[in-house]
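Data block below; observations after.
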C-alpha cells in the first residue's frame, strides 16, 4: 500500500521482473541506487514505466532456509520508498509521505481496535 502512489503494480516487491531496454536506459540515466533487493521497484519509478503487466507465480512452502524479511529489511524498504517519493515529487514528497504514513497508521490503529473488540 505504501508504494501504491508510485506505481500501478499490485506487487512492486516481486523478485522476478522484465523490462524493455528503453525503460532500463532511462532508469540508468536517472541513477540507480536501490536499497535492499527492490531493484524492480526502482527501475519502474526512475525509468518511467507506464505499463505494468503482472503474471502470478505460485510458490510452494519453504523447505530450506528462512525468510529474508526481517525488521531491518522492512526499515530499509521504508527508507527506499522515501528516496523514491523524493525522486518522483521533490517538492511535495514530505507532505505526501506524511499523509501516506499517517493513513497507513490510522488503518493499522483502526484494525487493532477492531481486533481488540472481537477478542475482548
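The table below lists the values:
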quantity	calculated
Filter pass, residue 30 being under 19 Å from residue 14 (Cβ atoms) and either at pLDDT 80 or above or crowded, with 16+ Cβ neighbours inside 10 Å (or both)	no
Scan of the range 87-115 for residues that are in contact with a helix residue (DSSP H, G or I) (Cβ under 7 Å, 6 or more places away or on another chain) and not in a helix (DSSP H, G or I), ordered by number	89
Set 53, 27: member being in contact with a helix residue (DSSP H, G or I) (Cβ under 9 Å, 6 or more places away or on another chain) and over 25 Å from residue 103 (Cβ atoms)	27
Hey, residue 69 free of Cβ contacts under 8 Å to residues at least 60 places away in the same chain and closer than 22 Å to residue 108 by Cα or not	yes
Positions within the range 3-50 being within 19 Å of residue 72 (Cα to Cα) and not in a helix (DSSP H, G or I), in sequence order	3, 12, 13, 14, 15, 33, 34, 35, 36, 37, 38
Filter pass, residue 21 being more than 15 Å from the chain's Cα centre (by Cα), farther than 24 Å from residue 94 by Cβ, loosely packed, with under 10 Cβ neighbours inside 10 Å and at pLDDT 90 or above	yes
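Residues checked against (1) loosely packed, with under 12 Cβ neighbours inside 10 Å; (2) over 23 Å from residue 31 (Cβ atoms); (3) in contact (Cβ under 8 Å) with a residue 12 or more places away in the chain:
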residue	(1), (2), (3)
50	yes, no, no
59	yes, yes, no
75	no, no, no
82	no, no, yes
85	no, no, yes
104	no, yes, yes
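The values are calculated or read from the model by the stated rules, or taken from the named source; none is laboratory data. What you are looking at is a predicted structure, and each value in this text was computed from that prediction instead of being measured. Note that we place each Cβ from the backbone using ideal geometry, even for glycine, and neighbour counts take in every protein chain shown.
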